[in-house]
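Student: Structure incoming, see below.
The values are calculated or read from the model by the stated rules, or taken from the named source; none is laboratory data. This is a predicted model, so every value here is computed, not measured. FYI the Cβ positions are ideal-geometry reconstructions off the backbone, even for glycines, and counts take in every protein chain you see.
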Amino acid sequence: MLTIQSQLLTELSAALTVLLSTTKMLTIQSHLLTELSAALTVLLSTTKMLTIQSQLLTELSAALTVLLSTTKMLTIQSHFTDNFSGLLLSFL
């Protein structure tokens, strides 16, 4: 009877050791998943910021294109006004 109890206690001890080892592994996995989640959150935030920056750069590019076009038009108008003034003065 004592031999059977001793064998059962040995098997129970082995089972508890496996359970403890499994629990430690699950704890480590849980910590790793928490860190991975934090890293993914940072990556998502960075991606959103880069998307916003890209949109702002696109809008800035459009605004600069309009400004360049306006500047060209003003330059053309200035040359036209200068030429027109010259013509009027020559007639006077």
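Student: Out of curiosity, is ILE28 more than 36 Å from the chain's Cα centre (by Cα), assigned to a helix (DSSP H, G or I) and among the hydrophobic types (A, V, I, L, M, F, W, C)? Talk me through it step by step, then tell me what you get.
Tutor: Numbers: more than 36 Å from the chain's Cα centre (by Cα): no; assigned to a helix (DSSP H, G or I): yes; among the hydrophobic types (A, V, I, L, M, F, W, C): yes.
It is false that ILE28 is more than 36 Å from the chain's Cα centre (by Cα), assigned to a helix (DSSP H, G or I) and among the hydrophobic types (A, V, I, L, M, F, W, C).
Here is a yes/no grid of residues against (1) loosely packed, with under 10 Cβ neighbours inside 10 Å; (2) at pLDDT 95 or above:
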| position | (1), (2) |
| --- | --- |
| THR23 | no, yes |
| LEU50 | no, yes |
| THR75 | no, no |
| LEU89 | yes, no |
